[in-house]
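Beneath this line is the structure, given in structure tokens, with notes to follow.
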Amino acid sequence: MSMQIPPAASSGRAVGSEVPGRGPGFSTSPHEVRTAMTRAAEEPLGGTPDADESLGDRAARAVLEFRQGRTDALTDLVREATPLLWHTVRAQGVDRDVADDVVQSTWAALVRHADTIAEPKAVLKWLLVTARRAAWETVRKGRADLRRRTELPDDVTEGAAALPDSRPGPEAEVLTDERDRILWSSLRRLPERCQELLRLVSLADRPDYKAISASIGMPVGSIGATRGRCLAKLRAVLTEQGEASWT
Amino acid sequence: MSPKHENAWGAPVPGEDEPLDARDVAVLGRLGRAVATVDPVPEGLVERSLFAMTLARLEAEVMELQQIEAPVGSVRGDAPPLEARTITFTHERLTVMIALSTDDDGTHVRLDGWVAPAATLTVELRQPGGERTTTADDDGRFAFTAVDRGPTSLLVRLPDGGDVTVATPVIEL
């Protein structure tokens, strides 16, 4: 027997999403959609916004402003950095449903920890590391659950390998351009951490490569200042494939 | 660090110490487009995240999404059909299971839920547009009808938990 509540009017609660704490919630309305670049141009905040501001800089500023009760910069950051977090999580072998949850939780954790992040310059790295750890945790739990359900120790390794996985073979079918397919198959021949690094930096700008490298434990300076080993390897594989120049 | 060192990344690769050139930029640009095509960010994830951040400021403990069961034979995608979608959320002191279906009017959503252990708990349905509350019955059952589609989270106040509130992750109805 379920209890049913008619639409909002009789719920006895005021309609509205005002929450206690620092003013209203984060707006999710479509008119808030702006790119970080237009925002930076039209909305000088927090002193001297720089046209060359990196994502890491914007993340730092977003958290500092949030501490003062302003949420616009953080809203923009969510729009801009969610793809990086998504691919960070997916690179750990988390399926799409769970990855959705992990990305949300990472942003929620940033709100909870905004007051205690000692070094705002490290916010981007903090986000990437938090997402990555949370992703590992779900993968670990998924494997433990699978082990309990199957109760067949011999199957564990095989079962774990069969977990939903971000390493597309068949998924690459969506790439219709032959060069894209060559690039993708070349990428897949690299060590996994190189694949992860290159996928993430391909979505970012050069000033942020360092934070990305650091978040996945790659040697500092491995990409950005120089080509770095992973990109050099990818180029070597591409050259073997006969793709000499894409400029 | 000196890339000349052999390390976990293997032997040095020719060209790794050179500055990024136009070809590197072209390769990374093409790769970025391929990454976004092969594994696109789910529609609405930004909005769900923003809503989750709003909820986080309520300082509720967030439940864990345990499993989503789609109807047998359905294709798993970003927007599985609502019919018979069942989702389980867990917390160390509480489990919430919800079943989603299309409401009688064909556009809104009906949400039937169970809390375990069963108790007459207050359950709050939160969406960016507002919130509604109901109470679970003695068997732990509750329901919301005529729910708008969009990012949604349930908040449950624990019995004798003082101010302890648990929230489900934001799901897309």
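The values are calculated or read from the model by the stated rules, or taken from the named source; none is laboratory data. This structure is a prediction, so every number in the text was calculated from the model and none was measured. Methodologically, a virtual Cβ is constructed for each residue, glycine included, from the backbone with ideal geometry; neighbour enumeration extends over all protein chains shown.
Worth a mention:
- Long-range neighbours under 9 Å by Cβ, at least six apart or interchain, first residue on the phi > 0 side of the Ramachandran plot within region A:93-119, second part of a loop (DSSP other than H, G, I, E, B) and of a type in the set (A, V, I, L, M, F, W, C): A:G93/A:L163
- Looking across region A:191-225, the residues that are of a type in the set (S, T, N, Q) and either part of a helix (DSSP H, G or I) or modelled with pLDDT of 90 or more (or both) come down to A:Q195, A:S202, A:S213, A:S215.
- Inside region A:211-232, residues that are surrounded by fewer than 24 Cβ atoms within 10 Å (Cβ to Cβ), in contact with a Ser or Thr (Cβ under 9 Å, 6 or more places away or on another chain) and not small (G, A, S) make up a count of 3.
- Test result for A:T239, more than 25 Å from A:W86 (Cβ to Cβ), modelled with pLDDT of 75 or more and part of a helix (DSSP H, G or I): yes
So that you can scan it fast, the table gives a plain yes or no per residue for (1) more than 22 Å from the chain's Cα centre (by Cα); (2) more than 7 Å from chain A (Cβ to nearest Cβ); (3) modelled with pLDDT under 90:
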| residue | (1), (2), (3) |
| --- | --- |
| B:K4 | yes, yes, yes |
| B:A8 | yes, yes, yes |
| B:L28 | yes, no, no |
| B:F51 | no, no, no |
| B:E59 | no, yes, yes |
| B:I68 | no, no, yes |
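- Some residue of region A:159-175 being at pLDDT 85 or above, in the same structural domain as A:M218 (by TED's automatic domain parsing) and not in a helix (DSSP H, G or I): yes
- Scanning region B:152-173 for residues that are more than 7 Å from chain A (Cβ to nearest Cβ) and under 19 Å from the mean Cα position of the chain (by Cα) turns up B:T152, B:S153, B:L154, B:L155, B:V156, B:T165, B:V166, B:A167, B:T168, B:I171, B:E172, B:L173.
- Across region A:111-133, the qualifying residues are those that are of a type in the set (A, V, I, L, M), within 22 Å of B:A60 (Cα to Cα) and modelled with pLDDT under 95, and the one among them that is surrounded by the most Cβ atoms within 10 Å (Cβ to Cβ) is A:V111.
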